Every structure is written in C-alpha cells, then in structure tokens.
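What follows is a set of notes on a single structure, which appears directly below.
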Amino acid sequence: MKQSQTNLTTSLKDFLPTSSELSVGKFSLNQIEKLVSKTPFYAYDRQLIINRVSQLTKILPKEVSLHYAIKANPYPSLVQLMAAQVSGFDVASKKEMLLAMQTGMPVSKISFAGPGKTVEDIEAAIIAGVTLHVESEGEIAKIELAAKQLKLKANIAIRVNPQFELKSSGMKMSGGAKPFGIDEEKIPQVLKDLPLAQVNLRGFHIFAGSQNLNADAIISAQQQTFALAQQLIELANQLAKTKIAYLNIGGGFGVPYFANEQSLAVTLIAENLTALIKQYKTLVDGVELILELGRYLVAEAGIYVCKVVDIKVSRGTKYLVCDGGLHHHLANSGNFGQVIRKNYPLAIGNKLNGNELEQVNIVGPLCTPLDILADKIILPKAILGDYVVVFQSGAYGASASPKDFLSQPQLSEILL
Ligand SMILES: Cc1ncc(COP(=O)(O)O)c(C=O)c1O
C-alpha cells in the first residue's frame, strides 16, 4: 500500500499539472480523450523525450553515438521525433527498418539485429544498405547467397555472445547458451570463413542485457566489452584483413518501475565510458562507438490511460473494472517477463489531490484472472468514468501487448 504511493510520487512529478488533473504536454486527460475519441490510450510527452535524450548526451563522452532501439516504442510519430534526437536506429524487423528509413535517418546509421531473419529480411537490408547484425553462421550463409543474387555487397557487423553476462539484469542476453549472437569462442573461425567478396565487415555488436538499474553491473559489462572488443578488432585485422570501424557496446539502461527501485546512476556510467575511451585510445580511434538504448529514452515519457467502467465488491474486496488492461499493457499486468507481479506506479488521473483514500484492486475487461492493472493499491476514491493512469508506460507498451486478445476495441496512441 505504502509502496504504491511512494513510487507514484516519483513518477508523477514529470506529469504534474497545476490542477488536480494530470496533463501531457499542455493537454488534460479529458482533452486528450476528446482528441483521440475514446479511452484507452497511450500518451507520450514529446518534451520529456527530448529532455531525456539531451540530458544523457550532455554527460556521455563525445566519442559515443546514441542510437534508439525502435522495438521499445515503434509509434511512428515518436520514431520520427527520435530521428532528430539520436544518431542512429537499431531495428528488429523489416517493418521497423522501413520505418527507420522513412524518418530520413541515413541507412549507414541503421542496424538490423535479431535472430531468425528471413531471406526477405536479408534481401531488403542489403538493398537498403543498412548494417545486418549477424546472429549465426547460418545467417552469414544466407547473406552470402542473397548478396550474390542481388549483385550487391552486404554491410554486416557480427553480434557476439560474450562469455560474460550482464549481472542484475531484468533480461540477460549474453553469457552461456543464447539464441543471440555468435559465441565469442567461435569468432576466429567465423572471421576466417567470412565471404569477403559478398560482405563488408563493419564491426561488432555486443549486447549483454536489458532493464538494468545497477550502474556497477553495467560498468563491469562495459569494461569486459571493451576488453573483448580489443581482441576481436585485432582478430578481424589478422584473419579477415579488415579494419573495424564500428563497435556497438549495447546498452541495458533500466528505468525504475516498482517501489524501492532507484533511477540508474547514469553519471557513473558516463564517467566509466570516458575512462574506458582514454584507456583504449588506440582501439577507439577511427571507430564509431555506439550505445544502443530503448526503454531508458522513452519509458518514463509515456502513460497508459483507461477508464473505470464498473465498480463492484466481492467478498469484501473492492474492484475497479476498467475498459483497458492486459491486452494493451501486458507488462503492467505482470506477464511480460516478471517472476513476481508488482504494481506499476498508478494514479486516478483526474483526482490527483483526492484525499479520501481506499484500497482497491484494479482489473481490465478480459475474462481472465491475468487481467490485472493493480493489486491492493491505495488510491483516491474513484467513481465511474474516472481515469486510471499507469506511469512508466512509454516502452514495451502498445506494441508489446496482445491487442487482439478477446477482440476488445483497439487503443489509440498520441505524441503530444
Ligand atoms: C539487440 C537489442 N538492442 C536493444 C534492445 C533494447 O533494450 P532496452 O529497451 O532495454 O534498452 C534490446 C532489447 O531486448 C535488444 O535485444
């Protein structure tokens, strides 16, 4: 109970309006509802995104280029906004690649990662000229064939699955057996076998994990990444006669979602990067260093809003039933990788100053016990038509949710 309120205050501050109703940009929830026609909707705050990127780029060493991983939020207007804020895009599908290209981002600044790329994906990436991050030896064979047939050279970077892992990470994506990247120990052979007539090896990609709030863990992974990169760059020189010009050091920066989680100490990470760049000066000279972030750039700039459509009491427990839920915001329901479900920060968006508090469970309209918006949360007393607002919802929200589940009405998105 106390937890929800503590967490709420932290997340609320960026959206705090002068009245008792939340606003995004200069629009109240009621106005936004009228703009998009109905609840539920996601609203993203343009200025908060701009601020987040500029605060980060200010502290990062100038040698580091910031790229946005579109998978975090592929809403087209948001991606277009991002094109003017960051130096490049990471895409995870052909559709994301086309979206990235259409923002005007130069193709040399677009990378395409992810296992299981189809021949169609590969051909499109070669034609476009984006950099394919290769995830397996089989993928290299497909790229070789496609490039031959297209009579074009493919730009590639080898995604490496290092021996180390990103500790304290919400999602570990390296170390041990993984479907992502090629195991570090296989790289010498892969370099020897590279079909250099068909591929232009630009560099390496080492992405260790996601949603990490522990600066020390990220710092340690970055130290290991630089050490490994040094070996890989030397190997590429010897075995593939290639001078590497591109090193993607991954990202993994997390955002606090739950009570007792603290914002990531990004200044420490930036300081460490500055030190690493100094330490590996010859390695970094002439190499484009890329930091690839998704959620850190957008998560805190987005809210999900739905409406209370029924209120009921079942054996002493009060339920607010809403017109939105799991099918629009899977992560908030606790079904997107969480081991134990916890409440996201949440508010009754039109009663921010309400002082008549009560404990409620908040659920969505789906006929499944998984459709939870909040469990045992203390909030101002709500009535039918009030807005339930979920904060920290700008990443892995709409696009990461099963929108067609139970054929409920679709949601809207808006960038303000
Ligand atoms: C290759 C790659 N890049 C970037 C990301 C984005 O991660 P995040 O949104 O946590 O920054 C992911 C997430 O899974 C990823 O797999």
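The values are calculated or read from the model by the stated rules, or taken from the named source; none is laboratory data. Just so you know, these numbers come straight off a predicted model, no measurement behind them. When we count neighbours, we look across all protein chains shown, and the Cβ atoms used for this are built from the backbone with ideal geometry, even at glycine. Calculation scope for accessible area: heavy atoms of the full protein, side chains included, ligands and nucleic acids excluded. Shrake-Rupley method; radii C 1.70, N 1.55, O 1.52, S 1.80 Å.
Residue count for the range 78-125 under the criterion of being open to solvent by 50 Å² or more (accessible area, probe 1.4 Å), touching an Asp or Glu at 6+ places or on another chain (Cβ under 8 Å) and either in a helix (DSSP H, G or I) or under 24 Å from Tyr304 (Cα atoms) (or both): the result is 1. The criterion of at least 3 residues that are small (Gly, Ala, Ser), more than 14 Å from the ligand (Cβ to nearest atom) and surrounded by fewer than 22 Cβ atoms within 10 Å (Cβ to Cβ) is met by none of the strands (runs of 3 or more DSSP E) wholly inside the range 126-177.
Quick grid of which residues meet (1) within 29 Å of Ser210 (Cβ to Cβ); (2) assigned to a strand (DSSP E or B); (3) of a type in the set (S, T, N, Q); (4) away from the ligand (no atom under 16 Å from the Cβ):
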| position | (1), (2), (3), (4) |
| --- | --- |
| Phe336 | yes, no, no, no |
| Asn350 | no, no, yes, yes |
| Ala374 | yes, yes, no, yes |
| Ala382 | no, no, no, yes |
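Highlighted here are the helices (runs of 4 or more DSSP H) found entirely within the range 266-328 that include at least 2 residues which are among the hydroxyl-bearing types (Ser, Thr, Tyr) and surrounded by fewer than 24 Cβ atoms within 10 Å (Cβ to Cβ): 266-279.
So which pairs qualify, if the first residue must be in the range 182-194 and assigned to a strand (DSSP E or B), the second must be surrounded by 14 or more Cβ atoms within 10 Å (Cβ to Cβ) and of a type outside the set (D, E, K, R), the Cβ gap must be under 7 Å, and the two must be at least 6 apart or on different chains? Cβ pairs passing all conditions: Ile182/Ser136; Ile182/Ile158; Ile182/Val160; Ile182/Asn161; Ile182/Val190; Asp183/Asn161.
Looking only at residues in the range 25-64 that are part of a loop (DSSP other than H, G, I, E, B) and of a type in the set (Asp, Glu), which one is least open to solvent (accessible area, probe 1.4 Å)? I'd like the intermediate steps shown before the answer.
From the range 25-64, those part of a loop (DSSP other than H, G, I, E, B) are 25-26, 37-40, 45, 60-63; that's our starting set.
If we keep only those that are of a type in the set (Asp, Glu) as well, we get 45, 63.
Details: Asp45: 15, Glu63: 69 Å².
Within the range 25-64, the match that is least open to solvent (accessible area, probe 1.4 Å) is Asp45.
In the set Ser399, Ser393, only one residue is touching a residue at least 24 places away in the same chain (Cβ under 8 Å), open to solvent by 50 Å² or more (accessible area, probe 1.4 Å) and within 22 Å of Tyr68 (Cβ to Cβ); that residue is Ser399.
Being in the same structural domain as Pro409 (by TED's automatic domain parsing), at pLDDT 95 or above and either away from the ligand (no atom under 16 Å from the Cβ) or under 15 Å from Gln408 (Cβ atoms) (or both) is a description that applies to Val309.
Rundown of residues vs (1) in the same structural domain as Gly324 (by TED's automatic domain parsing); (2) among the charged types (D, E, K, R), yes/no style:
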site: Glu21; (1), (2): yes, yes
site: Val24; (1), (2): yes, no
site: Lys34; (1), (2): yes, yes
site: Leu60; (1), (2): no, no
site: Glu63; (1), (2): no, yes
site: Asn73; (1), (2): no, no
site: Ala84; (1), (2): no, no
site: Phe112; (1), (2): no, no
site: Ile122; (1), (2): no, no
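For the range 76-98, the tally of residues that are under 18 Å from Ile414 (Cβ atoms) and away from the ligand (no atom under 15 Å from the Cβ) stands at 4. Scanning the range 384-416 for residues that are among the hydrophobic types (A, V, I, L, M, F, W, C) and within 16 Å of the ligand (Cβ to nearest atom) returns Ala395, Ala398, Ala400.
Name the residues in the range 337-384 that are touching a residue at least 40 places away in the same chain (Cβ under 8 Å) and open to solvent by 70 Å² or more (accessible area, probe 1.4 Å), would you?
The first filter runs over the range 337-384 and keeps only residues touching a residue at least 40 places away in the same chain (Cβ under 8 Å), leaving 337, 342-354, 358-366, 368, 370-374, 376-379, 382-384.
Those that are touching a residue at least 40 places away in the same chain (Cβ under 8 Å) and open to solvent by 70 Å² or more (accessible area, probe 1.4 Å): Lys342, Asn353, Gln359, Leu370, Lys376, Ile383, Leu384.
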